[in-house]
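Contents: one structure, followed by commentary.
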Amino acid sequence: MKPAVFLDRDGTLIEDVGYLATPDGVRVIPGVPDALRRLAGAGFALVVVSNQSGVGRGLFPLEAVAAVNAEVARRFAAAGVTIDAWHCCPHLPDEGCACRKPGTQLHREAAAALDLDLGASWCIGDRPGDVDAARALGARAILVCTGEGRHHVEAVRAAGVPVAADLPAAVELVLGAETAQRPSQ
């Protein structure tokens, strides 16, 4: 089994512009490709899990989410990064589905498909739902202050969850924790 880092898309990997429906709106947050390369190099599977309620609201079709994801994947590939799996929830927040974060259905589907060790995994995102999903999975979490994260710092820190300025800083925390857990030689 392999550990994973479950990543939120909007506000964590790319700028959150609100209901992004076209690839030309993709703006990769600085430092993200290098941070992802470091995680992959350390043996983590990279899995994107994203709530996309714009589909459920009728603002754009699921194909628009796929087109945006394809553009993000293209840009990451150009930087030498491959995302192992892309999952999104198209439902509205009040639909009560199991796939919308903090629900863990999409994480568990990825874990089954990729043979992932959830207990050795991390969830990184800019909202409390990412933190809550990590807890439900038995994984560790980091809140990033990009996107909406800056509005949730106090509550997340009060719950004992680390906060990082952005994904590159979060990766430093992940890799530092992984190094600290390795037995000394």
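The values are calculated or read from the model by the stated rules, or taken from the named source; none is laboratory data. None of these values were measured; they are calculated from a predicted model. Neighbour counts run over all protein chains shown; Cβ positions are idealised from the backbone, glycine included.
One table, with the values for the structure above:
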quantity: From the options Arg108, Arg150, residue that is over 15 Å from the mean Cα position of the chain (by Cα), surrounded by fewer than 24 Cβ atoms within 10 Å (Cβ to Cβ) and charged (D, E, K, R); calculated: Arg150
quantity: Pairs, first under 9 Å from Thr12 (Cα atoms) in the range 145-157, second β-branched (Val, Ile, Thr) and surrounded by fewer than 18 Cβ atoms within 10 Å (Cβ to Cβ), C-beta under 7 Å, six or more apart; calculated: Cys145/Val153
quantity: Test: residue in the range 67-77 that is within 15 Å of the chain's Cα centre (by Cα) and either assigned to a loop (DSSP other than H, G, I, E, B) or closer than 20 Å to Gly129 by Cα (or both); calculated: no
quantity: Unique residue being touching a residue at least 60 places away in the same chain (Cβ under 8 Å) and loosely packed, with under 15 Cβ neighbours inside 10 Å when the list is Ala42, Ala35; calculated: Ala42
quantity: Selected residue [in contact with a helix residue (DSSP H, G or I) (Cβ under 6 Å, 6 or more places away or on another chain), of a type in the set (A, V, I, L, M), assigned to a loop (DSSP other than H, G, I, E, B) and surrounded by 12 or more Cβ atoms within 10 Å (Cβ to Cβ)] from Val171, Val161; calculated: Val161
quantity: Failed item, numbered, when Gly96 is tested on (1) more than 16 Å from the chain's Cα centre (by Cα); (2) surrounded by fewer than 14 Cβ atoms within 10 Å (Cβ to Cβ); (3) modelled with pLDDT of 95 or more; calculated: (3)
quantity: Residues being in contact with a strand residue (DSSP E or B) (Cβ under 9 Å, 6 or more places away or on another chain), surrounded by fewer than 19 Cβ atoms within 10 Å (Cβ to Cβ) and of a type outside the set (Gly, Ala, Ser) - total across the range 47-70; calculated: 1
quantity: In the range 96-117, the residues that are free of Cβ contacts under 8 Å to residues at least 24 places away in the same chain and assigned to a helix (DSSP H, G or I); calculated: Gln105, Glu109, Ala112
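Here's the yes/no breakdown for (1) modelled with pLDDT under 95; (2) polar (S, T, N, Q); (3) under 16 Å from Asp8 (Cβ atoms):
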| position | (1), (2), (3) |
| --- | --- |
| Glu71 | no, no, no |
| Arg74 | no, no, no |
| Thr82 | no, yes, no |
| Cys89 | no, no, yes |
| Ala110 | no, no, yes |
| Leu114 | no, no, no |
